[in-house]
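Undergrad: Encoded as structure tokens, here's the structure I'll be asking about.
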Amino acid sequence: MIRVLLAAIVVVAACAPASVPEARDWRDETMYFVMTDRFKNGDAKNDGDAIAGKADWWQGGDLQGVIDELPYIKGLGMTAIWITPITEQTRGGYHGYWTKDFYRVDPHLGDMDKLKELVMKAHGLGLKVVLDVVVNHLGYDHPWLVDSAHAGWFHDRCAMIFSDQKSVEDCWLAGLPDLNTENPAVRAYLTDWALWLIRETNVDGFRLDTARHVPKDFLREWIGAIKREHPSFWIVGEVFVSDYRYQAEYLDAGLGAVTDFQTQEGIVRALGPNEDLVWLGRPPSIAESYLPGRETARATFIDNHDVPRFIGPAATDDATARLRQALVYLFTVPGTPVLYYGTEIALPGGADPDNRRMMEWGAADETTRDLVRRLATLRQQTAALRRGSFEKLLSERDTLVYARRGAGDTAVVAINGQSDAPQTLELPLADIGAGGAVLHQALGPSASAVVRGDALLITLGVRGAAVFLLGAPVAGPPWTTIAVVAALVLVAAIVITLALRRRLRRG
Ligand SMILES: [Ca+2]
């Protein structure tokens, strides 16, 4: 009889839907990029020589401020944060890219215990942490330059010629002392430091600054040493150039991903003042050609701390509408989307350092923020948006339509490049491999759709942009499963009753 019950349990278990969770990887993450000094002042005691309003100087933001706002970042639908470098800086290095002491957290930001607390609390909320690191150069006037113990630690000073790779690797970027990574002592130092930093902090990844200025054979060795100890550690390299073929060499050197300046450039060209939406179809397509098998190994972004904010120095209604279209695009293309702090509230900013204004915590653009929240959440919920194919369906100056297809759902994204006229589009479902599908969800500004007959009819208002989720018709209650379970429960009850009676009779 126990055998009958076991059999019943097995049948019930077999009727339950299979749910084997797929292993997450960095395509599944959505990253929020914080310049710590510019995010939030969480501890006035460490402000030091900060001068409020001085754009190229410390402003008072710190690790405590990031800790305070982890729930905000999580609430935006983000799954990871990237923070600017934490090393102690030479004079005025508020951004973190001018290291003085690798082994000390800059006192403006906090200390090592505060960094550990940040990582621990982020992990507690399910947020991964990516730490920005610099191994190419040190800060201006670094004491090692005149210290005999560090003779041979720097390349000879030279002005960089960007068309010459040797010069790109060895010369002094913006006059910053360039580390001689051919020197075994330098290699050992930088490797030991990286391993120490990971062990101390328990971070999940690095964003490697100025990766194209570091010789690839050093990168290969350095990344190899990290991966030997931490096989799943993710390193995204800043390869600041619009050229996937060039960037591919850095993936070959071991990086987990590269910064996708092609997408950033495409967004500016497509949705900026000289709009031409054809540019938005290019980055994913070119990535497929030049990064075969690794076309998603790229961190996509609208803007960052080294380019003017998309919205520009002053937010206009039209620029904000275009930013919302860019957001729909960012969260629906292949790669790991990175949102620069403030972009979710259309924080304005021109060229560096104006693109690094303090985050605004008071009244803000709630419409844009809500759009970010819903897009980031939808991406997490929809495998097709994270893992699916990228298929251009319509690519014209004023109109872009593409599909992301994965197991199950198909996402169709449509963008209207016209700022003075709405558009209607009719897409045969068969053409997008979604015959018989129904519309599950529509998300985006000034856009709607219906399935009529065997076509998806899309209406895009002025500056409309949306993602439409198509899938199988939602089934009613699973009556078959319910009937089988009910029958098995009934059989089990009868069997138990009979057995009990038999035992009673014997007793
Ligand atoms: Ca270099």
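Readers should treat all values here as calculations from the given coordinates under stated rules, not as data from a laboratory. Treat the numbers as computed from the prediction; the structure is a model and nothing was measured. Reconstructed Cβ throughout: ideal geometry from the backbone, glycine too, with neighbour counts over all protein chains shown.
Undergrad: Filtering the range 355-375 down to residues that are among the aliphatic types (A, V, I, L, M) and out of contact with any Phe, Trp or Tyr (no Cβ under 6 Å at 6 or more places or on another chain), which residue is surrounded by the fewest Cβ atoms within 10 Å (Cβ to Cβ)?
TA: Filtering the range 355-375 down to residues among the aliphatic types (A, V, I, L, M) leaves 358-359, 363-364, 371-372, 375.
Still in the running and out of contact with any Phe, Trp or Tyr (no Cβ under 6 Å at 6 or more places or on another chain): 358, 363-364, 371-372.
Working: Met358: 19, Ala363: 7, Ala364: 15, Leu371: 21, Val372: 24.
Out of the qualifying residues, it is Ala363.
Undergrad: When both residues are 6+ apart or on different chains and their Cβ atoms are under 6 Å apart, which pairs have a first residue that lies in the range 131-157 and is farther than 15 Å from Asn180 by Cα, and a second that is more than 14 Å from the ligand (Cβ to nearest atom)?
TA: As it stands, the answer is Leu131/Val203; Leu131/Phe206; Asp132/Thr84; Asp132/Pro85; Asp132/Arg207; Val133/Phe206; Tyr140/Thr90, since those pairs meet every condition given.
Undergrad: Somewhere in the range 295-311, is a residue aromatic (Phe, Trp, Tyr), under 26 Å from Val214 (Cα atoms), in a strand (DSSP E or B) and in contact with a helix residue (DSSP H, G or I) (Cβ under 7 Å, 6 or more places away or on another chain)?
TA: First, pick out the residues of the range 295-311 that are aromatic (Phe, Trp, Tyr): 301, 310.
Add one more test, that the residue is under 26 Å from Val214 (Cα atoms), and what stays is 301.
Next cut, in a strand (DSSP E or B) only: 301.
Right, trim to in contact with a helix residue (DSSP H, G or I) (Cβ under 7 Å, 6 or more places away or on another chain) and you get 301.
Within the range 295-311, one or more residues are aromatic (Phe, Trp, Tyr), under 26 Å from Val214 (Cα atoms), in a strand (DSSP E or B) and in contact with a helix residue (DSSP H, G or I) (Cβ under 7 Å, 6 or more places away or on another chain).
Undergrad: Has the range 166-177 got at least one residue that is surrounded by fewer than 17 Cβ atoms within 10 Å (Cβ to Cβ), within 16 Å of the ligand (Cβ to nearest atom), of a type in the set (D, E, K, R) and not in a helix (DSSP H, G or I)?
TA: Taking every residue of the range 166-177 in turn, none turns out to be surrounded by fewer than 17 Cβ atoms within 10 Å (Cβ to Cβ), within 16 Å of the ligand (Cβ to nearest atom), of a type in the set (D, E, K, R) and not in a helix (DSSP H, G or I).
Undergrad: Might you let me know whether the range 315-325 holds any residue that is part of a loop (DSSP other than H, G, I, E, B) and surrounded by fewer than 19 Cβ atoms within 10 Å (Cβ to Cβ)?
TA: Yes, the range 315-325 has at least one match.
Undergrad: Quick check: is even one residue across the range 152-170 touching a helix residue (DSSP H, G or I) at 6+ places or on another chain (Cβ under 6 Å), among the β-branched types (Val, Ile, Thr) and farther than 30 Å from Ile81 by Cβ?
TA: Taking every residue of the range 152-170 in turn, at least one turns out to be touching a helix residue (DSSP H, G or I) at 6+ places or on another chain (Cβ under 6 Å), among the β-branched types (Val, Ile, Thr) and farther than 30 Å from Ile81 by Cβ.
Undergrad: Checking the condition crowded, with 20+ Cβ neighbours inside 10 Å and among the basic types (Lys, Arg), which residue from Arg245, Arg212, Arg187 passes?
TA: Arg212
Undergrad: For the range 189-289, which helices (runs of 4 or more DSSP H) that fit wholly inside it have 3 or more residues that are away from the ligand (no atom under 16 Å from the Cβ) and touching a residue at least 40 places away in the same chain (Cβ under 8 Å)?
TA: Where helices (runs of 4 or more DSSP H) fall fully within the range 189-289 and carry at least 3 residues being away from the ligand (no atom under 16 Å from the Cβ) and touching a residue at least 40 places away in the same chain (Cβ under 8 Å), they are 244-252, 261-271.
Undergrad: Quickly run through the range 132-161 and pick out the residues that are within 13 Å of the ligand (Cβ to nearest atom), in a loop (DSSP other than H, G, I, E, B) and under 23 Å from Arg220 (Cβ atoms).
TA: Listed by number, the residues that qualify are Val134, Val135, Asn136, Leu138, Trp153, His155, Met160.
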